[in-house]
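Computed from the coordinates by the stated procedures, all read-outs in this text should not be read as laboratory data. From a predicted model like this one, the values you see are computed outputs, not experimental measurements. When we count neighbours, we look across all protein chains shown, and the Cβ atoms used for this are built from the backbone with ideal geometry, even at glycine.
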Amino acid sequence: MSKTPISVAYGDGIGPEIMEATLTILEAAGAELEIETVEIGEKVYQRGIDTGMAPNVWDSLRRTKVFLKAPITTPQGSGYKSLNVTTRKALNLYANVRPAVSYHPFVETKHPTMDVVIIRENEEDLYAGIEHRQTEQVYQCLKLITRPGSEKVIRYAFEYARANNRKKVTCFVKDNIMKLTDGLFHKVFEEIAAEYPDLEHETWIVDIGAAKLVDTPENFDVIVLPNLYGDILSDVTAQMTGSVGLAGSANIGDQSAMFEAIHGSAPRRAGQNIANPSGLLLGAVMMLVHIGQPAVATRVHNAWLRTIEEGIHTYDIFKEGVSTEKVGTREFANAVIQRLGQQPQTLKPVLYDDDGKLRQNQGVSKKKSVKQLMGVDVFLDWGPGNPDELGNLLSQVSVDSLRLQVITNRGIKVWPNGLPETFCTDHWRCRFRADNEAPTTSTQVIELLKRVTEAGFDVIKTENLYHFDGIPGFSAVHG
Ligand code: NAD
């Protein structure tokens, strides 16, 4: 077998020790790897590089397209970019895959039969990082959900489920509230689910879904969800298995992929040969499957399971009565190496095969709808004051082509016929529509903005109201 080039970063804190242990095990197991070492993390940040990545890292990643990364220490203070976010976005790593598996009775957990895989959308949602302060009182963060982004991660989740003999894919959204953004994610989920009739699928509203998940995780299998919910719930599920120190993670794109442990650099544990290398090792197992070395992945994973069930544990999972031997990082790695070729006796052995390779890069739909401008939401910095006064003033600048229809404050209707009890900030959304809700034009919107500005108002932003194939692309105003 020819060697697969991979980029390897040793990271900070416990990073170098757990990477050393991981690579030693991979080598002993017969992994065919050509390692390019790259420098990332604290020292690079300290050299004034705000991404935390040495300049040649991108060259290496472009060449190898596979990144095995130990945790880094993120410096405190502003001015530093998150290395993980930069890497995910630059390499278009749209799916974050985190298996959460219990190893009962060898690792203590309240959920002994848990075996869930969280597949989190990795680039969009509130993590687009588009935030603005708009008035004295109000700040905004844009939640962006795209059709191609949703299609890619959801299709990946179904492909993953099929390739790994999983039975069900569950979607978590909050589309009872966010009807357009989470609504899109849900809609795409239903569309793609129809292409996989061999797999069960279901959708939960994220709040009750999360409650069910932490109560009875055995009822879940693969879960796909937007970025923020996934960020939170993947940590929750990792903790539920008994230890975040045991979980690995894969960040998958069509071109490249990054593999890591989910924990950080634990600086206080560094340099003492005590850290648990398991999270990074299980990340590396996912890497071996990804690069087409499933037999090595199987050998490593089963030897690791055998080590865990024989009670050979690092300090973080060591428990009197369950564990048999407390070992350091290097000794743990040696114990895994000694068990290469063995299967676990109590825990379920794993078997990765070539069929485990996923079909990727299947493109996304490129449908084009007919888009029609139907009005505008004009956001004003005003007051705080009386909504009726604002309504009267703005009605005077309205014309037939764009007439003030409604004003909301924090999404609650305050004009016309608002309730006096409603608390108002200095941030007003004023919706203008043509008479009879007919279409309008950009020129009319610009003329409206001119009149509003000339009347002395502070326009902080506008949002155009479009119909797509006749369907409103904006939320209705309630109240
Ligand atoms: P952490 O995960 O590094 O450590 C929390 C605690 O968990 C540690 O004190 C330690 O007791 C334990 N722990 C974690 N991993 C362990 C292991 N492999 N073996 C044994 N014990 C382990 O979280 P933190 O202390 O909040 O963060 C430390 C640094 O790591 C910060 O600079 C943070 O920004 C960074 N971080 C990096 C990544 C990454 O690179 N992917 C992820 C999370 C945090």
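Overview of values
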{"item": "Acute angle (nearest 10 degrees) that the helix 206-215 long axis makes with the longest principal axis of the chain, alpha-carbon atoms", "result": "30 degrees"}
{"item": "Extension gain (nm, one decimal) between residue 208 and residue 85, 0.36 nm per residue minus Cα-Cα", "result": "41.4 nm"}
{"item": "Proxy reagent accessibility, fewest Cβ within 10 Å first, across 142, 23, 305", "result": "142, 23, 305"}
{"item": "Value of relative contact order over the chain, rounded to a whole percent, pairs C-alpha under 8 Å and six or more apart", "result": "16 percent"}
{"item": "Residue 20-residue 372 pseudo-label distance in nm [points 7 Å out on the Cα-to-Cβ vector]", "result": "6.9 nm"}
{"item": "15 Å beta-carbon shell around residue 323, net charge (K/R +1, D/E -1)", "result": "-4"}
{"item": "Nonlocal amide H pairs with residue 39, under 5 Å, H built at 1.01 Å", "result": "54"}
{"item": "Which listed pairs, of 89/143; 89/461; 69/143, have C-alpha distances above 25 Å, in listed order", "result": "89/461; 69/143"}
{"item": "Whole-Hz couplings from phi, Karplus 6.51/-1.76/1.60, listed for segment 187-194; x for Gly and Pro", "result": "4, 4, 4, 5, 4, 6, 4, 5"}
{"item": "In Hz, Karplus ³J(HN,Hα) per residue of segment 158-171 (6.51, -1.76, 1.60; θ = phi - 60°; x = Gly, Pro)", "result": "5, 4, 4, 4, 5, 5, 10, 6, 8, 9, 9, 10, 10, 10"}
{"item": "Karplus 3J(HN,Hα) series, Hz, for segment 63-76 with 6.51 cos²θ - 1.76 cosθ + 1.60 (x for Gly, Pro)", "result": "6, 8, 6, 9, 10, 9, 10, 7, x, 10, 8, 8, x, 6"}
{"item": "Charge-dipole axis of the chain as Lys and Arg at +1 and Asp and Glu at -1 on Cβ define it, positive-most pick from 31, 411, 130", "result": "31"}
{"item": "Relative contact order of segment 115-240, pairs being alpha-carbon contacts under 8 Å that are 6 or more residues apart, as %", "result": "38 percent"}
{"item": "Spread of Cα-to-Cα distances over 20 Å intervals beginning at zero, given as percent, for the chain", "result": "21, 46, 25, 8, 0"}
{"item": "Relative pair counts by distance (%), Cα atoms of segment 203-251, 10 Å bins", "result": "22, 61, 17"}
{"item": "Rounded to 10°, Cα long-axis angle of helix 387-397 versus longest principal axis of the chain", "result": "70 degrees"}
{"item": "Separation of alpha-carbon centers, segment 400-478 and segment 167-206, rounded to whole Å", "result": "31 Å"}
{"item": "Considering only the chain, percent of DSSP beta bridges that pair antiparallel, nearest 5", "result": "65 percent"}
{"item": "Relative contact order (%) - criterion: Cα under 8 Å, at least six apart; region: segment 371-472", "result": "47 percent"}
